[in-house]
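Okay, so here's the structure we're looking at.
The values are calculated or read from the model by the stated rules, or taken from the named source; none is laboratory data. Model, not experiment: these values are computed from the prediction. No Cβ is skipped: glycine too gets one built from the backbone with ideal geometry, and neighbour counts run over all protein chains shown.
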Amino acid sequence: MLFTDLGLSEPILRAIAEEGYTSPTPIQAKSIPAVLKGGDLLAAAQTGTGKTAGFTLPILQRLITTAKVSSGKRLLRVLILTPTRELAAQVQESVVTYGKHTSLKSTVIFGGVGANPQIKAIASGLDILVATPGRLLDLMSQKCVSLNDIEILVLDEADRMLDMGFLRDIKKILAVLPKKRQNLLFSATFSTEIKALADGLLNSPELIEVARSNSANEAIEQLIHPVDRTNKHPLLSHLIKNNNWKQVLVFTRTKHGANKLVTLLKKDGITSMAIHGNKSQSARTKALADFKAGKLTVLVATDIAARGIDIDQLPHVVNYDLPNVSEDYVHRIGRTGRAGSNGVAVSLVCIDEHQMLKDIEKLIKQKLPQEVITGFEPDPNAVAQPIQLRSQQHQQSRKPRPAGSGGTSPKPASAKRSSPPKRHFSR
Ligand code: AMP
């Protein structure tokens with residue numbers, strides 16, 4: 001199938017061609033015609049599937065075919081809600097990229113930065129607004145934004161919005177939208193809560209599923225390295241140096257763990273920065289830009305901060321700590337192996353995390369291959385310590401358990417692989 005078969009007009013097709021896309025991804029092939037038809041949509045799609053263009057392209061098309069102005073001013077006709085600032089910024093980037101040969105105007109609003117430039121941008125007249133729920137409600141309460149003309153609502157990564165406690169905010173926003181509108185709901189997973197939200201929001205939606213929900217991306221090679229918790233940091237430095245990894249996204253469970261790991265890696269001469277909720281927006285943007293530009297070897301992230309990070313063809317993802325919530329494993333490794341390229345997702349698993357690993361393997365319906373690295377063999381007499389499983393946000397705001405958050409023990413004498421790593425493919 002070609003983009004030209006999908007009913008998109010020339011200015012949009014030109015922008016797609018300039019991006020170098022030759023054919024639509026599976027979700028795009030299904031969602032573009034569905035959105036153009038004007039009905040509601042319920043799409044199961046993870047980041048990395050091309051879902052953003054899947055809703056952005058047909059939305060742009062619908063707006064240009066039915067241009068509307070009121071007393072010379074543009075009407076705000078599309079609202080796209082996302083859980084995080086990073087994702088909001090990336091969606092807006094896509095809107096600008098794909099809409100660059102149209103005269104449509106858009107902006108993005110999120111918290112953590114001054115509201116005045118956002119208020120000005122809205123006042124100047126917009127067709128599309130990309131927003132995180134909190135900042136949108138702020139500006140609504142200040143009467144700086146009117147949603148009376150919204151024709152299309154997108155909830156992107158709806159599962160994550162609920163995980164982050166945005167349900168009440170979403171309901172407040174829904175309450176002021178015009179009743180007659182098109183609703184598009186994208187979610188990587190389908191919990192009972194998401195189903196309830198979809199039931200209340202969507203009107204006979206078209207269902208689109210491109211991959212089995214909760215299945216890990218098949219282009220990703222996954223590997224477990226069993227290791228003692230105190231040896232995780234030396235093992236990570238060893239893997240990066242020995243394999244000459246140049247761009248590694250590392251996940252820790254806590255913000256404190258992320259900061260601590262950055263300090264330890266720096267001592268080993270590995271350039272790294274952390275990206276998490278306690279960092280200012282400008283610090284996060286800089287870290288991400290430096291990482292994308294290849295100036296940083298390692299970006300250490302917590303799950304919430306990493307949500308929406310979009311880096312093409314990221315070669316390595318490391319789970320320094322396994323996530324509390326098994327679904328996050330799928331989201332994390334989805335950062336690599338994107339749009340058809342291969343990626344490697346490595347998890348450093350200590351004895352405390354064996355139950356989490358079992359839960360993940362159950363979710364993805366696959367036993368993950370394990371490889372012990374010589375010199376980093378786990379102590380057979382080690383005893384598991386319980387990991388307190390708290391809700392993510394709560395847990396991120398508290399001090400982490402000491403284990404797994406960046407060990408300080410010396411590097412083992414023999415830190416070399418005895419043989420080249422055996423590569424295990426998941427299928
Ligand atoms: P998303 O799932 O929306 O985060 O998109 C994942 C990545 O795939 C983004 O970096 C897009 O630029 C890229 N992408 C989207 N659509 C296509 C396409 N049709 N062909 C190649 N790459 C694409």
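Observations on the model:
- Verdict on residue 69 being closer than 20 Å to residue 178 by Cα, in contact (Cβ under 8 Å) with a residue 60 or more places away in the chain and over 20 Å from the mean Cα position of the chain (by Cα): no
- Taking segment 81-90 as the range and being in contact with a helix residue (DSSP H, G or I) (Cβ under 6 Å, 6 or more places away or on another chain) and within 12 Å of the ligand (Cβ to nearest atom) as the test, only 82 passes.
- Strands (runs of 3 or more DSSP E) within segment 176-291 that include 2 or more residues surrounded by 16 or more Cβ atoms within 10 Å (Cβ to Cβ) and of a type in the set (Val, Ile, Thr): 220-226, 248-251
- Residues in segment 246-286 that are more than 21 Å from residue 346 (Cβ to Cβ) and small (Gly, Ala, Ser): 277, 280, 282, 283.
- Every residue from segment 146-175 that is part of a loop (DSSP other than H, G, I, E, B) and out of contact with any strand residue (DSSP E or B) (no Cβ under 7 Å at 6 or more places or on another chain): 146, 148, 149, 164, 165, 166
- Residue satisfying all of: in segment 7-35; of a type in the set (Ser, Thr, Tyr) and closer than 23 Å to residue 186 by Cα; nearest to the chain's Cα centre (by Cα) among these: 25
- Number of residues in segment 3-30 that are part of a loop (DSSP other than H, G, I, E, B) and either more than 7 Å from the ligand (Cβ to nearest atom) or free of Cβ contacts under 8 Å to residues at least 60 places away in the same chain (or both) equals 8.
- Segment 23-46: number of residues that are farther than 25 Å from residue 200 by Cβ, touching a Leu at 6+ places or on another chain (Cβ under 9 Å) and of a type outside the set (A, V, I, L, M): 4
Let's see how each residue does on (1) in contact with a strand residue (DSSP E or B) (Cβ under 7 Å, 6 or more places away or on another chain); (2) assigned by TED's automatic domain parsing to the domain that holds residue 94; (3) modelled with pLDDT under 75:
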{"residue": "275", "(1), (2), (3)": "yes, no, no"}
{"residue": "283", "(1), (2), (3)": "no, no, no"}
{"residue": "286", "(1), (2), (3)": "no, no, no"}
{"residue": "289", "(1), (2), (3)": "no, no, no"}
{"residue": "292", "(1), (2), (3)": "no, no, no"}
{"residue": "298", "(1), (2), (3)": "yes, no, no"}
{"residue": "305", "(1), (2), (3)": "yes, no, yes"}
{"residue": "308", "(1), (2), (3)": "no, no, yes"}
{"residue": "314", "(1), (2), (3)": "yes, no, no"}
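- Selected residue (criterion: farthest from residue 122 (Cα to Cα)) from residues of segment 36-76 that are in a strand (DSSP E or B) and more than 16 Å from the ligand (Cβ to nearest atom): 42
- Residue match in segment 77-100 (condition: surrounded by fewer than 19 Cβ atoms within 10 Å (Cβ to Cβ) and touching a Lys or Arg at 6+ places or on another chain (Cβ under 6 Å)): no
- Scan of segment 1-51 for residues that are surrounded by 17 or more Cβ atoms within 10 Å (Cβ to Cβ) and among the polar types (S, T, N, Q), ordered by number: 25, 28, 31, 46, 47, 49
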